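Everything on this sheet refers to the single structure shown next.
The values are calculated or read from the model by the stated rules, or taken from the named source; none is laboratory data. Treat the numbers as computed from the prediction; the structure is a model and nothing was measured. Cβ sites come from the backbone with ideal geometry, for glycine too, and all protein chains shown count toward neighbours.
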Amino acid sequence: MKKTVRMQDIADKLGVSTVTVSKALSGKKGMSEELRREIEELASKMGYRPIERRRGVRSIAETTFPIGIIVAERHMAKYVSFYGNLQQLVSTEIAAKGCGSFLETISDEMLQDLRMPNILRESKVAGVIVIGSLSPGYMDKIAKFKLPVVYLDFSEPSGCHDAVISNNFYGAYTMTEYLFSKGHTKIGYVGTLLSTGAITDRYLGYEKALLEHDLKPRKDWIISDRDRYTGAMDEQLMKLPKEMPTAFVCNCDLTAGMMINKLRAAGYRVPEDVSIVGYDNFIYPGLCDIGITTYDVDTREMAKKVVHNLLRILRKEHYQKGLIIIGGSLIERDSVRAISQ
């Protein structure tokens, strides 16, 4: 039987992405006419035929769906680029699967008024990916639309919904243990507890490492970095203690960069006086001039998994239900100094 030619086969031959091939064959913009012609000619030569031409009726596995992406506006603020990057990866993965995506950001006013996004009210999508936490009341109202929903980078306490997150607990535990391996025993944590599940889980990983070294967290070494209810980052909340630890575990690289600037303004050197580690391996360009030792989050795998699971739900196929945790790895840079006791 003759093998069916896929977009991926064409993409592999030319060394481009399936998204580029899809755009070229559907007449969309975003490339040179020369590349478009090259793709069209190769597709014709290889005998590529769109799914709808190969079969009169598509199978369930080949059905494409319009997918909604919902993210709070505050997560996409100027310096919080991690979610912007995550959203782009999700959109790219959706396109690679031959589906279309609709992005809608949720303002603080919409959250407060429980006003639903247009893509839901106008029935534009078959399923939804929610990136970053929203209020419980808002999520409850989204659930009333009876659409498949998968959460990305957060989960609900009840565990009733499908979600994909990074290994927050173990990642922060790893970073804290790393500091212990460098001789640090006086270690603080920077992140507003209970503002998000991820920040709290990372704190618990930090606390586990302390307990394993017969240490207890000091309240004056637990420093806030944002408003607990709005999530707005605020350097003014970063109150440095009178007695300083030798190192801080920060809940994200953005916070780590802000903390470094805060310490320098107070006369401390990083890492000579105070060492810093972060989380997520993503920081807004220009915010910090020192390489931050961090826990690298596999955002690409997270994006692939969340899209994969939502499509499986829509196609009524078997998939891994519940919470999926994606691992990461430690990256050493310049923000930590080894000390002797």
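So the values come out like this:
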item	result
The stretch 122-139 residues that are hydroxyl-bearing (Ser, Thr, Tyr), paired with ones that are surrounded by 14 or more Cβ atoms within 10 Å (Cβ to Cβ) (beta carbon under 6 Å, 6 or more apart)	Ser133/Phe154; Ser133/Thr196; Ser135/Leu111; Tyr138/Leu111
Residue selected from the stretch 196-245 under the condition touching a residue at least 40 places away in the same chain (Cβ under 8 Å) and in a helix (DSSP H, G or I), by the criterion farthest from Ala72 (Cα to Cα)	Tyr206
Pairs where the first residue, in the stretch 254-279, is polar (S, T, N, Q) and the second is not in a loop (DSSP other than H, G, I, E, B), C-beta under 7 Å, 6+ apart	Thr255/Val190; Ser275/Leu179; Ser275/Ala247
The one condition in (1) part of a loop (DSSP other than H, G, I, E, B); (2) within 22 Å of the chain's Cα centre (by Cα); (3) under 19 Å from Tyr206 (Cβ atoms) that Met259 fails to fulfil	(1)
Residue ID - farthest from the chain's Cα centre (by Cα), chosen from residues in the stretch 174-195 that are crowded, with 23+ Cβ neighbours inside 10 Å and in a helix (DSSP H, G or I)	Leu179
Among the residues listed as Leu254, Leu211, Leu240, Leu263, the single one being in the same structural domain as Gly188 (by TED's automatic domain parsing) and exposed (fewer than 15 other Cβ atoms within 10 Å of the Cβ)	Leu211
Members of the stretch 132-147 found to be part of a helix (DSSP H, G or I) and under 19 Å from Ile69 (Cβ atoms), listed by number	Tyr138, Met139, Lys141, Ile142, Ala143
Verdict on Leu114 being loosely packed, with under 14 Cβ neighbours inside 10 Å and under 30 Å from Val274 (Cβ atoms)	no
